[in-house]
Amino acid sequence: MNPADRSLVLPSFDRLHLPSSLVEALARQGIERPSPIQTAVIPAALDGHDVLGRARTGSGKTLAFGIPVLARLAGRPSRPKAPRALILLPTRELATQVHDALAPLAQALGLRTTTVYGGVPINRQITALKGRTDVLVATPGRLGDLLDRRCVTLDGVEITVLDEADHLCDLGFFKPIDALLSKTPAGSQRLLLSATLDGDVDRLVRRHLPDHRLFEVDEVDDQVESMEHHVLITPHESRVTTAYDLLRVNPRSIVFTRTRRGATRLARQLSQRGLTAVDLHGDLTQKHRERNLGRFSRGEASVVVATDVAARGIHVDGIGLVVHYDAPAEHKAYLHRSGRTARAGAAGSVVTLATPETLGDVIAVQRKAGVEARHHRVESAPSPLTVASLSGAGEPAPAAKAPAAGPRRGGPARRRRPARRR
């Protein structure tokens with residue numbers, strides 16, 4: 001079902017038993033109908049149930065948990081240093097974006113939000129927590145520091161949210177998250193949202209959400225249908241030129257590199273050729289990262305070059321192309337990177353640059369990710385390299401090779417005799 005058809009059957013927010021001031025604040029932002037994940041999660045969360053939600057990035061997960069959190073807190077005060085809602089996220093960028101999305105809605109209900117994360121002076125955050133904070137948006141490391149300093153307590157938390165739980169676990173935060181959840185009151189409500197529910201995420205669920213309501217909507221397959229995948233085969237020495245030729249005719253693009261140094265170098269090389277490109281990675285200060293992401297969000301830069309750590313932190317709509325300049329080694333990373341495009345029902349394209357030497361690895365990762373890609377050799381690819389021209393060109397990926405059949409090492413295969421009964 002396409003997004004236009006879905007809007008005909010989804011309820012409006014004013015039918016979800018939300019405070020009228022919250023519905024009005026949503027309407028002022030042009031948000032009048034919930035997405036499928038919001039329609040599923042909000043009623044159960046409003047009723048106080050623990051909720052486990054699986055939905056892809058860009059499906060509206062922020063408001064799926066944010067709306068019921070705010071609605072349940074409305075009308076009651078919080079104590080200083082004692083937030084009543086805790087939202088945990090893996091990166092500083094995500095914490096900032098979630099705060100920016102929820103702050104206007106919280107203000108409409110008379111609630112206060114505070115964000116804490118590393119990379120900025122901790123004293124400012126300590127000062128902010130001395131006042132009343134209803135919703136605390138935090139990354140695990142900085143929250144742990146504040147707890148150690150006794151600048152905040154979690155004994156008043158009524159609702160805890162783990163957003164991007166799979167990424168939290170991928171970054172090694174299972175033990176800190178486990179410890180933080182143990183500091184919240186037993187029996188308090190917990191919401192966990194993730195793109196995948198395996199591995200350490202499953203361990204968190206079994207330990208802290210044993211009796212939950214599960215909602216799985218907007219499967220990855222829905223996104224694959226609106227996303228085209230391509231492989232552009234180019235000699236190693238021509239990769240920068242190929243990337244430039246691709247990006248100059250496809251503005252609003254995100255490029256992923258393997259290393260921080262590679263991101264900085266490629267952003268500089270693209271800028272030297274006339275593109276306005278910014279980098280985004282962990283070596284930059286928080287202020288520098290926010291400035292670069294802001295330039296891209298406002299359209300002042302047409303390309304952002306990022307590392308995998310930043311893949312989940314870029315929540316910007318209207319991105320038409322994702323480029324894997326360095327192909328990821330793991331299929332989850334491929335999907336997370338690619339998920340920056342084709343968001344909220346829009347179409348998008350993904351192009352992976354591969355050298356003849358790395359092509360086999362790229363094919364293997366894409367097969368494991370469950371995507372079918374068109375293959376193009378740079379010398380015969382269409383010009384200009386727009387997503388539209390790529391869509392009608394190229395060839396399907398080569399078929400997987402079947403294991404070779406033949407004699408075993410040491411001579412012809414022998415027919416096995418049935419074992420004697422003893």
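Values in this text are rule-based calculations from the coordinates and carry no lab data. Predicted model, so just to flag it, every value in this text is computed and none were measured. All Cβ positions, even for glycine, are placed from backbone atoms using ideal geometry, and neighbour counts span all protein chains on display.
Values computed for the structure shown
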| item | result |
| --- | --- |
| Taking the C-alpha atoms of region 221-395, convex hull volume expressed per residue in Å³ | 104 Å³ |
| Relative contact order, percent, region 221-395 [alpha-carbon distance under 8 Å, six or more residues apart] | 33 percent |
| Taking Ile87, Ile37 and counting other C-beta atoms within 10 Å, the order from fewest to most | Ile37, Ile87 |
| Total charge dipole magnitude, region 221-395, about the Cα centre, Cβ charges on Lys, Arg, Asp, Glu only, Debye to nearest 20 | 740 debye |
| Coordinate range along principal axes, alpha carbons of the chain, Å, largest first | 79, 76, 49 |
| Ranked Ile67, Ile233, Ile122, criterion: other C-beta atoms within 10 Å, fewest first | Ile122, Ile233, Ile67 |
| For region 3-218, alpha-carbon Rg relative to the globular expectation (2.2 N^0.38 Å, N residues) | 0.96 |
| Net dipole in debye of region 3-218 [+1 Lys, Arg Cβ; -1 Asp, Glu Cβ; about Cα centre; nearest 20] | 840 debye |
| Order of Cys151, Cys169 - criterion: other Cβ atoms within 10 Å of each residue's Cβ, fewest first | Cys151, Cys169 |
| Positive minus negative residues near Ala101 (Lys, Arg vs Asp, Glu; Cβ under 13 Å) | -3 |
| Estimated dipole of the chain in Debye, rounded to 20 [Cβ of Lys and Arg +1, of Asp and Glu -1, Cα centre] | 1640 debye |
| Positive-pole candidate from Gly274, Val323, Thr341, dipole of region 221-395, charges at beta carbon | Gly274 |
| Calculated [θ] (222 nm, deg cm²/dmol) that DSSP helices of n ≥ 4 give over the chain, each run adding -39,500 (n - 2.57) | -11500 deg cm²/dmol |
| Per-peptide average of other Cβ atoms within 10 Å, ordering 289-296, 332-339 highest first | 332-339, 289-296 |
